[in-house]
């Protein structure tokens with residue numbers, strides 16, 4: 001070996017002598033098919049994520065979610081609702097073909113088919129194209145799923161007065177408690193509590209009965225014939241039980257004056 005040729009010195013044998021370029025590979029020969037992950041692709045992902053994050057934060061500041069009171073496990077009049085991302089499944093169970101005798105269809109079969117189809121979509125339509133018209137099966141299934149979730153969520157959320165629900169489920173202030181030992185309260189509990197709240201404060205399905213300006217005769221008539229969204233014959237009992245119910249509601253309002 002001649003001196004000065006073929007001999008190289010490095011400080012650490014793990015460090016290569018030849019320094020590689022950090023520049024991304026040139027993909028100009030394949031336009032529209034691929035690109036460098038850093039920084040091209042990652043920068044696009046960050047930009048899209050930032051836009052959605054700013055939009056979401058702006059929405060929460062403009063329309064904050066109404067908060068209910070602390071959870072009370074002893075309250076039998078509370079009507080729970082799932083979080084917003086499960087509202088579409090909650091709404092699905094309100095249809096006849098997915099409730100009552102067909103409840104298993106609504107909670108197992110239909111969701112199972114829907115989510116199973118989305119899992120199988122890439123395998124059912126595995127063409128090389130990436131444009132929507134080149135993947136009709138996968139795109140069609142995704143559009144159908146997205147439209148169904150949006151529609152069912154909207155239908156469920158539109159039927160709930162969230163402000164009234166939050167107000168109704170706040171803790172009952174001192175002095176507004178009712179006499180649960182009253183004979184009329186047992187009748188109220190069986191016929192009215194699920195809609196009008198445990199303390200007559202109202203709920204998601206019914207207005208408050210505290211502070212009403214209706215007379216005893218009007219209350220009795222509404223209990224039998226219904227009013228507005230309240231169906232008729234909501235109260236099913238004897239005349240004596242109806243009188244006890246009306247007297248109880250009237251007495252609660254008189255005590256609040």
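The values are calculated or read from the model by the stated rules, or taken from the named source; none is laboratory data. The structure displayed is predicted, hence computed values, not measured ones. Virtual Cβ from ideal backbone geometry, glycine too; neighbours counted across all protein chains shown.
Looking only at segment 216-228, decide whether some residue is out of contact with any helix residue (DSSP H, G or I) (no Cβ under 6 Å at 6 or more places or on another chain), at pLDDT 75 or above and part of a strand (DSSP E or B). Taking every residue of segment 216-228 in turn, at least one turns out to be out of contact with any helix residue (DSSP H, G or I) (no Cβ under 6 Å at 6 or more places or on another chain), at pLDDT 75 or above and part of a strand (DSSP E or B).
Within segment 64-92, the residues that satisfy the criterion of being within 17 Å of residue 153 (Cα to Cα) and exposed (fewer than 13 other Cβ atoms within 10 Å of the Cβ) are 65, 80, 82, 83, 84, 85, 86.
Residues of segment 215-229 that are surrounded by 15 or more Cβ atoms within 10 Å (Cβ to Cβ) and under 13 Å from residue 252 (Cβ atoms): 219 alone. Taken over segment 186-214, residues that are touching a helix residue (DSSP H, G or I) at 6+ places or on another chain (Cβ under 8 Å), over 17 Å from residue 169 (Cβ atoms) and surrounded by fewer than 20 Cβ atoms within 10 Å (Cβ to Cβ) amount to 4.
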